[in-house]
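What follows is a set of notes on a single structure, which appears directly below.
The values are calculated or read from the model by the stated rules, or taken from the named source; none is laboratory data. Nothing here was measured: the structure is a model prediction, and the numbers come from that model. Glycine also receives a Cβ, built like all others from the backbone with ideal geometry; neighbour counts cover every protein chain displayed. Side chains included, ligands, DNA and RNA excluded: accessible areas come from the protein's heavy atoms. Shrake-Rupley method; radii C 1.70, N 1.55, O 1.52, S 1.80 Å.
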Amino acid sequence: MMNGVIKEELKAIVGEGRYLDSEEDLLLYSYDAFMVPGRPEVVLLPISTDEVSMIMKVAYREHIPVTARGAGTNLTGGSIPTHGGISMVFTKMNKILNIDKENRFAVVQPGLINMKFQKELVKFKLYYPPDPGSMAITTMGGNVAENAGGPRAVKYGVTKDYLLGLEVVLASGDVLRTGGKTFKNVTGYNLTQLFCGSEGTLGLITEITVKLIPLPETKRTLQAAYKNMSDAGKTVTKVFEIGILPVALEVLDKTFINIIEDYVHMGLPREAEALLLIEVDGPEAAVAGQAERLSQLCREMGAHEVTVAKTVAENDEIWRARRSAYGAEARLRPTAIAEDCTVPVGNLVAMFQEVGKIADKYQLLIPIVAHAGDGNLHPQILTDSSNKEEMERVMKAIDEISIKAIELGGTITGEHGIGIAKREILHLEIGDVAMGVTKVIKKAFDPLNILNPDKVVRVV
C-alpha cells in the first residue's frame with residue numbers, strides 16, 4: 001500500500017490533471033479486454049520519458065508494482081494491475097516524432113493509435129503493414145509489447161519484423177536505447193527483439209523506431225464461399241503452391257457467417273460452411289492477373305460463389321464482414337472470449353474440427369475466424385462470465401484448445417500473448433529449460449518483480 005507521502009511525490013511528477021485516484025477512475029482502469037479485474041492504487045498518465053523514469057525510480061525505491069497500459073485492448077489480462085500499485089497509462093504519449101521518407105523509417109511514441117499512424121503514412125506513400133484487429137484503437141506501444149499481428153501477417157509479417165529500435169525505461173528508472181535507424185544492425189545482443197512481446201514485464205517502452213516500405217500501388221480482394229470447410233482449407237495451401245503470396249488469407253466458419261449477416265445484412269451466403277477472403281496487392285497489372293487466377297483456383301477447389309472487388313469501395317465492403325466479427329458476436333452473449341492459437345497451415349482444417357468437438361463436449365457456442373494463411377485461429381467462446389458453472393466449462397475448453405494446438409504442431413498463442421490467461425500452461429509448449437531461462441531474464445531486468453508482476457511467468 002502506498003502512503004500519502006508517496007502519492008504526493010507521484011502527483012508532483014505528473015501534475016494534478018494526470019494523477020487519478022478517485023473511485024470511478026480506479027474502477028475504470030481495473031479492466032482490459034480480458035475478464036479478470038485488478039484494481040490499481042493510482043493511475044498515472046505521463047507525457048515524457050523523463051516522467052516515466054522519475055516514476056519508476058520512486059516505484060523501485062518503494063517496491064511498488066507498475067503495470068503499463070495503452071488502449072486496454074489486451075486479450076490475456078496483460079494490462080490489468082493484478083497486484084495493485086501504479087497503472088501507467090501511455091495514451092498521452094501519442095505523437096509521431098519523425099517520418100523520414102528518404103530513409104524509410106519513423107519514430108513514434110507508444111500511445112499513438114496504429115490506424116492514425118497508417119493514415120498519416122499514406123500522405124508520404126509509405127506503408128507500415130502490421131494491422132491487429134483492434135488497429136482503430138490499439139496503440140503502437142501495446143503492439144510492440146504483444147508483438148501484435150493481423151491479417152496482413154501472411155505476406156508482411158508482424159510487429160517484430162518492422163522494429164528498428166526502442167527507448168525503454170527499466171525497472172530501476174534507467175533509460176535504455178536499443179537498435180537504431182538502419183535496416184541492418186547486428187551489433188551486440190538483439191535487445192530490441194527481446195522487449196518485443198515481453199508484455200511489459202522487462203521495461204516500459206517510451207519511443208519506437210520502425211522501418212517503412214513503399215505503399216503498394218493497388219490491392220484487390222476476393223470472397224469465396226464453400227459448402228465444405230475441407231475444400232476451403234485445401235484452397236489455402238494451393239494458393240501458395242501456385243506461387244501467389246497474398247497480403248491476407250482469412251476464413252470464417254458457418255456460425256460466424258450467420259452471426260455477421262444477422263448484424264450487418266450485407267448478403268453473405270448463409271448456406272456456406274466456410275467463407276474465404278483473399279487479398280493481393282502490388283502493381284495494377286500483376287494484381288489483376290493474380291485476382292483472376294485466384295478466382296479460378298477457388299472455383300476449381302470447390303467454391304460455389306466467388307466475388308472479386310473491382311473498386312476500393314468494393315474492397316472495403318468485402319472486408320467489412322471480417323472487421324464486423326467481434327461487434328456481431330457481442331450481441332449474442334454478455335461475454336466473448338477471443339481465443340488464440342496457431343497450427344501449421346496443413347493442420348488448419350483439423351484444428352477447426354477439434355474446436356468443434358470441444359464446443360460440443362462442453363456445450364458451448366464457439367464460432368471461429370482465422371488468419372488461415374499462417375494457421376492462426378481465433379475461436380470465439382461466447383458465454384456469460386457471471387455464470388459460474390458455465391465458466392468452469394469455458395476454462396476447461398480454453399485449456400483443451402491450447403493443448404490440441406500443441407499436439408497438432410502449433411503454439412498456444414499466435415498474437416494475443418500469454419498474460420495471465422495462458423501463464424499456467426506455457427510450460428507445456430516451451431518446456432522446463434526454456435521456462436527457467438525465461439525466469440532468469442525476468443529477474444535480470446526486474447530483480448524486484450515490480451514490472452507487471454506474475455504476467456507470462458511467476459517469479460518466486
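A few notes on this one:
- Placing a pseudo-label 7 Å from each Cα along the Cα-to-Cβ vector at residue 296 and residue 353 gives an inter-label distance of 3.1 nm.
- In order along region 173-189, the phi-based Karplus estimate (6.51 cos²θ - 1.76 cosθ + 1.60, θ = phi - 60°) of 3J(HN,Hα) comes to x, 5, 9, 10, 10, 10, x, x, 10, 9, 6, 9, 6, 10, 7, x, 5 Hz; Gly and Pro are listed as x.
- Å² per residue, accessible surface of region 327-431 at 1.4 Å: 39
- Span from the region 35-108 Cα centroid across to the region 141-170 one, whole angstrom: 16
- Restricted to Cα atoms, region 160-223 shows a radius of gyration and a Dmax of 15.2, 52 angstrom.
- Based on every Cα atom in region 288-329, Rg and the maximum pairwise Cα distance Dmax equal 12.5, 36 Å.
- Value of Rg to Rh for region 348-434 (Rh from inverse mean 1/r over Cα pairs, i.e. Kirkwood): 0.96
- Shape analysis of region 189-309 based on the Cα gyration tensor places the equivalent ellipsoid semi-axes at 33, 21, 14 Å, largest first.
- Residues with amide H under 5 Å from that of residue 365, placed H, sequence gap 5 or more: 382
- Counting only DSSP H runs of at least 4 residues, each contributing -39500 (n - 2.57), and dividing by the residue count of the chain, the helix-based mean residue ellipticity at 222 nm comes to -11000 deg cm²/dmol.
- Taking the empirical scaling 2.2 N^0.38 Å for compact globular proteins as reference, region 122-181 has a Cα radius of gyration ratio of 1.28.
- Taking the charge dipole of the chain about its Cα centre, with +1 at Lys and Arg Cβ atoms and -1 at Asp and Glu Cβ atoms, the residue from 379, 223, 22 reaching farthest to the positive side is 223.
- Under the combined filter of DSSP loop state and at most 16 neighbouring Cβ atoms within 10 Å, region 34-120 retains these GluC sites (Glu not before Pro): 102.
- Entries of 361/422; 57/211; 125/184 with Cα pairs more than 27 Å apart: 57/211
- Angstrom value of the Kirkwood radius, inverse mean 1/r, which spans all Cα pairs in region 287-428: 16.8
- Per residue accessible area of region 107-210, 1.4 Å probe, in Å²: 38
- Theoretical FRET efficiency, 1/(1+(r/R0)^6), r = Cβ-Cβ of residue 330 and residue 27, R0 25 Å, to 0.05: 0.75
- With bins 10 Å wide beginning at 0, the percent of Cα pairs of region 247-338 falling in each bin runs 15, 46, 29, 10, 1.
- Each 5 Å bin from zero holds the following percent of Cα-Cα pairs in region 84-240: 2, 8, 16, 20, 18, 12, 9, 6, 5, 3, 1, 0.
- Accessible carbon and sulfur surface of region 195-237 relative to its total accessible area, %, 1.4 Å: 43
- Scanning residues 5 or more positions from residue 152 or on other chains, those with amide H under 5 Å from its amide H are 131, with H placed 1.01 Å from N in the peptide plane.
- The three principal axes of the Cα atoms in region 1-135 give end-to-end lengths of 52, 33, 23 Å, sorted in falling order.
- The Rg/Rh ratio for the chain is 0.97, where Rg is the radius of gyration of the alpha carbons and Rh is the Kirkwood radius.
- Once the Cβ-Cβ distance of residue 120 and residue 284 is raised to the sixth power relative to R0 = 25 Å, the FRET efficiency obtained is 0.55.
- Percent of beta bridges antiparallel (DSSP, region 29-163, rounded to nearest 5): 40
- Estimated FRET transfer efficiency (residue 265, residue 39; beta-carbon r; R0 35 Å; 0.05): 0.30
- DSSP-defined beta bridges in the chain - what % are antiparallel, rounded to 5: 90
- Of 254/357; 404/439; 238/310; 160/439; 7/455, those spanning more than 18 Å from alpha-carbon to alpha-carbon: 404/439; 238/310; 160/439; 7/455
- The H on the amide N of residue 341, modeled in the peptide plane, is under 5 Å from the matching H of 377, 414, each at least 5 residues off or on a different chain.
- Solvent-accessible ranking of 60, 127, largest area first, probe 1.4 Å: 60, 127
- Take the Cα of residue 228, step 7 Å toward its Cβ, do the same at residue 433, and the gap between the two points is 4.4 nm.
- Cα-based radius of gyration of region 341-384 once divided by 2.2 N^0.38 Å, which approximates compact folds: 1.13
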